[in-house]
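Colleague: First, the structure itself, so that you have it in front of you.
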Amino acid sequence: MADKQMSLVEHLDELRRRILVSAVAVIVCACVAFLKIQAILDLLIFPPVDHLAFFSPTEAFFEYCKLAFFTGLFIASPLVLYQVWAFVSAGLTQKERRVVVFALPFSVTLFLGGVVFCYFFVLPWSLRFLVDFAGPQVYPILSISKYLSFVIMMLLSFGIVFELPVVVMILSKLGIVTPSFLSRNRKFAIVAIFIAAAVITPTPDAFTQCLMAVPMLFLYELSIWISKIVYKKGDKR
């Protein structure tokens, strides 16, 4: 009840405080990551890439800062998520709170699963294809800025894509999406999945696109199964 009686100024003050806490946590974790930035960069360099180049005096420094920031954000993400949850939970109904609390562990697990899948399976194949595509006569000189942007984008894309079952679970638990709707539109979903895979993956070969599309198809079928379970439970209430 106290949360509902808070004035606009008090809400803005709470928002400022939680943003400040999150920012400090990310900055501290980023500073710690910067101390180990070379080791972190080594983890992101896949064969056949054995070195990176920079083409301005400041490029390497700023890219190291960017990598440290994303690493710090990743490390501090549990605290950041808690701050977000603590702020928005006051405006949610009891049912919506239960849904979010129930879905949060699955969301984190699936995001990490997408990142791990991309790291061990997609990135090594994609980079080998792209680097070797030009043939032995053309020697690749990869800038650190373009390379890190590519790697970070791929990792984030797969992490976000793997959130599909959680999104469907939340929508089903709230009664917005039904299992019959998902099953009935499966053929359209398959087309959309392959289009999305072609857009997200930067390589033109079909194998790399399938590395994105096949897990998405599996996740869509898993989402239908989850929707059936969650939607039935919602009906019983």
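Colleague: Among I160, I141, which is within 22 Å of K66 (Cα to Cα), touching a residue at least 40 places away in the same chain (Cβ under 8 Å) and in contact with a strand residue (DSSP E or B) (Cβ under 6 Å, 6 or more places away or on another chain)? Working first, answer last.
Modeller: Working: I160 fails: in contact with a strand residue (DSSP E or B) (Cβ under 6 Å, 6 or more places away or on another chain).
Every option except I141 fails the conditions.
Colleague: Between F61, F74, F102, which is among the aromatic types (F, W, Y) and touching a residue at least 60 places away in the same chain (Cβ under 8 Å)? Reasoning before the result, please.
Modeller: Values: F61 fails: touching a residue at least 60 places away in the same chain (Cβ under 8 Å); F74 fails: touching a residue at least 60 places away in the same chain (Cβ under 8 Å).
Matching residue, one of F61, F74, F102: F102.
Colleague: From the list S149, S126, which one is touching a residue at least 12 places away in the same chain (Cβ under 8 Å) and of a type in the set (S, T, Y)? Break it down stepwise before answering.
Modeller: On the way: S149 fails: touching a residue at least 12 places away in the same chain (Cβ under 8 Å).
Testing whether each residue is touching a residue at least 12 places away in the same chain (Cβ under 8 Å) and of a type in the set (S, T, Y) leaves just S126.
Colleague: Look at segment 119-157 and say how many of its residues are among the charged types (D, E, K, R) and modelled with pLDDT under 90. Don't jump to the end; show me each part of the working.
Modeller: We begin by selecting, within segment 119-157, every residue among the charged types (D, E, K, R); these are 128, 132, 146.
Checking the rest, the ones that are also modelled with pLDDT under 90 come to 128, 132.
Of the residues in that region, 2 qualify.
Colleague: Also, I was wondering about something else. Let me spell it out: the conditions are (1) aliphatic (A, V, I, L, M); (2) in contact (Cβ under 8 Å) with a residue 40 or more places away in the chain; (3) out of contact with any Leu (no Cβ under 6 Å at 6 or more places or on another chain); (4) over 27 Å from M216 (Cβ atoms), and A68 meets all of them except one. Which number is the exception?
Modeller: Against the list (1) aliphatic (A, V, I, L, M); (2) in contact (Cβ under 8 Å) with a residue 40 or more places away in the chain; (3) out of contact with any Leu (no Cβ under 6 Å at 6 or more places or on another chain); (4) over 27 Å from M216 (Cβ atoms), A68 comes up short only on (2).
Colleague: Being under 29 Å from H51 (Cα atoms), modelled with pLDDT under 90 and not in a helix (DSSP H, G or I), is that true of even one residue in segment 204-218? Working first, answer last.
Modeller: Just the residues of segment 204-218 that are under 29 Å from H51 (Cα atoms), to begin with: 204-212.
Retained after the next criterion (residues that are modelled with pLDDT under 90): 204-212.
Add one more test, that the residue is not in a helix (DSSP H, G or I), and what stays is 204-205.
For segment 204-218, residues under 29 Å from H51 (Cα atoms), modelled with pLDDT under 90 and not in a helix (DSSP H, G or I): present.
Colleague: Conditions: (1) within 13 Å of V161 (Cα to Cα); (2) surrounded by fewer than 17 Cβ atoms within 10 Å (Cβ to Cβ); (3) at pLDDT 90 or above. L222 meets all but one. Number of the miss?
Modeller: Answer for L222: the failing condition is (1).
Colleague: Just need a number here: residues in segment 167-205 that are exposed (fewer than 13 other Cβ atoms within 10 Å of the Cβ) and out of contact with any helix residue (DSSP H, G or I) (no Cβ under 8 Å at 6 or more places or on another chain).
Modeller: Adding up the residues that qualify gives 10.
Colleague: What's the number of the condition V101 fails, among (1) over 29 Å from L219 (Cβ atoms); (2) modelled with pLDDT under 85; (3) loosely packed, with under 13 Cβ neighbours inside 10 Å?
Modeller: (1)
The values are calculated or read from the model by the stated rules, or taken from the named source; none is laboratory data. All figures in this text were calculated on a predicted structure; none of them were measured in a lab. When we count neighbours, we look across all protein chains shown, and the Cβ atoms used for this are built from the backbone with ideal geometry, even at glycine.
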